[in-house]
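K.L.:
Structure in structure tokens, see below.
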Amino acid sequence: MNNHTKKFSRILMVIALLLASVAGGEFVMNSSEAKSDVKVYVCKGPNAKRYHKSPDCWGLKSCSVVIKKVSRTEAIDMGRTPCKRCY
């Protein structure tokens, strides 16, 4: 994720918080979103697109390179999205 995307994500978060407070609603992040230090697993291959909860996930079976443990935030910054089988 480049700097523009990070900045845009932060702006969207602020807008969501403002809208929730104006509407009198309560904005609650789930625990995995609140914890940026949650560790996930990514394949370092050139075609890898997802991050995984476990190194044993079926989605990592075809990884022909190194599987690396990183923070969820770092995986998102790498442009990865959650594995549909894990999440």
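K.L.:
I'm trying to understand the selection: among the residues of the stretch 36-87, which are under 23 Å from R10 (Cβ atoms), more than 10 Å from the chain's Cα centre (by Cα) and of a type in the set (S, T, Y)?
P.N.:
Y87
K.L.:
Could you list, in sequence order, all residues of the stretch 48-87 that are β-branched (V, I, T) and either touching a helix residue (DSSP H, G or I) at 6+ places or on another chain (Cβ under 7 Å) or exposed (fewer than 11 other Cβ atoms within 10 Å of the Cβ) (or both)?
P.N.:
We begin by selecting, within the stretch 48-87, every residue β-branched (V, I, T); these are 65-67, 70, 73, 76, 81.
Matches in the stretch 48-87: V66, I67.
Read the figures in this text as sums done on the coordinates, not as results from a lab. Owing to the predicted nature of the structure, the values given are computational and were not obtained by experimental measurement. Ideal geometry is used to build each Cβ from the backbone, glycine not excepted, and the neighbour counts take in all protein chains shown.
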